[in-house]
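Structure first, then comments.
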Amino acid sequence: MAHRFSIKEIAHQAGLSTATVDRVVHNRPGVRRQTVNRVHAAIRELEAQEAQLAMSGRKLMIDLVVEAPQAFLDELQVALRHELPLIQTAIFRARSDLRARFPIAAIVAALERAARLKSDGVILMAPDAAAIRAVVARLVAQGIPVVTLATDMPGSARTGYAGLDNPLTGQTAAWLMRQWLADPAPHLVVTLRNEAFRGEVEREEGFRAGVARHWAGADLTLLVQGKQGADFAARVAEVSRARPPAGLYSIGGGNRALVRAFGRLGLPRPVMIGHDLDPENRALLADGALEAVLYHELTDDIRQALQVFLSVHSQGAVPMPKDGTPLRVMLPPMLAGSGPGEG
């Protein structure tokens with residue numbers, strides 16, 4: 001049995017005598033299979049501990065390439081400042097390229113720059129585009145792990161995903177809305193920011209499936225912001241004038257503008273469910289202008305991404321986490337006594 005540990009080390013790890021370990025290591029007979037397995041497991045544990053010790057104090061530079069609304073970017077930076085100092089296995093530093101509007105070509109350039117600088121890992125939140133998938137594949141082939149954040153690229157070469165189960169999140173939004181709406185055939189509106197982000201589309205699809213399960217005659221209208229910016233809220237309200245919606249699932253954000261737009265037109269505010277526990281949504285919840293916010297803690301996401309990087313660079317000594325982080329729901333009563341980041 002090839003190994004680099006002394007008989008005494010293995011015996012101490014396995015809790016066995018040195019004589020028993022010596023028999024196993026040298027393939028001598030008279031040892032039970034259970035004991036042999038115990039010795040093998042001890043050697044694997046020693047190998048993992050050795051790899052973890054080798055990571056201790058190692059400096060890893062990671063890159064964040066993220067397109068998201070400014071409120072999300074602000075919360076992401078807070079999460080980074082919170083989580084990076086807590087990792088004891090290695091010392092992480094971060095380079096961030098965070099933009100509210102990030103053209104595909106610029107994202108590709110940012111990823112290629114991370115490759116040139118020999119990044120130790122990339123956290124990526126971007127549209128699921130062929131050009132981005134191609135450069136992700138090149139990064140991973142060079143040994144640079146890539147973790148997608150909040151919106152996934154399934155089937156790509158990415159190393160891991162940190163964020164919600166988006167179809168399940170959409171289904172949860174439909175279930176919640178059903179608790180507040182008695183109408184057997186309501187008009188419901190769903191708003192997206194950008195259809196190029198797979199996570200948003202998956203939430204909409206999950207919501208659509210949940211609506212079909214909970215209502216036989218619901219009418220669902222999908223509206224996409226795209227490049228409309230501040231004009232989008234007015235468009236949502238105008239579309240709603242002909243038939244005011246009973247419920248609005250706001251995947252793409254801009255909820256204060258949506259609430260104000262309904263008010264300007266004298267339309268009743270629909271039951272509204274939003275995403276991300278940013279300051280705007282917290283305030284709207286506190287004011288009773290949102291019924292619920294679905295969210296994921298960005299600190300959970302950052303912690304998960306860092307564990308992926310540690311797993312890759314420790315050659316598996318640090319366990320590779322499963323994809324995804326927990327879905328959380330904030331309702332107005334939950335805000336009482338909660339501080340930033342709590343929920």
Would you grab the residues whose amide H sits under 5 Å from the one on PHE92? Only those 5+ places off in sequence or on another chain, please, with H modelled 1.01 Å from N. LEU60
Suppose a student asked you for the relative contact order of the chain, using Cα pairs under 8 Å spaced at least 6 residues apart; what percent would you report? 15 percent
How many percent of DSSP beta bridges within the chain run antiparallel, rounded to 5? 10 percent
Sequence-distant or interchain residues sharing an amide H contact under 5 Å with MET125, placed H: which? VAL65, VAL66, GLU67, LEU149
Centre separation in Å (Cα based) which lies between region 148-192 and region 73-106: 24 Å
If I take every Cα pair under 8 Å that is 6 or more residues apart in region 162-268, average their sequence separation and divide by the length, what percent do I get for the relative contact order? 35 percent
Theoretical gain in end-to-end length, GLU45 to ARG81 [0.36 nm per residue, Cα-Cα removed]: 9.7 nm
Fewest to most neighbouring Cβ within 10 Å: what's the order for GLU195, GLU238, GLU291? GLU238, GLU195, GLU291
Mean Kyte hydropathy of 0.0 or more with a Cα span along the axis of at least 15 Å, helices from DSSP in the chain: 104-116, 130-141, 231-242, 298-313
Given (1) 59, 46, 41; (2) 73, 57, 36; (3) 85, 44, 38 as candidate values of Cα extents along the principal axes in Å, which corresponds to the one derived from the coordinates? (3)
Taking the Cβ of ARG328 as the center, what net charge do the other residues with Cβ under 10 Å away carry, scoring Lys and Arg +1 and Asp and Glu -1? -2
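Every read-out reported here was derived from the displayed coordinates using simple, explicitly stated rules and does not represent laboratory data. Note that the coordinates shown come from a computational prediction; the quantities given were computed from them, not determined experimentally. Cβ atoms come from the backbone with ideal geometry, glycine included; neighbour counts cover every protein chain shown.
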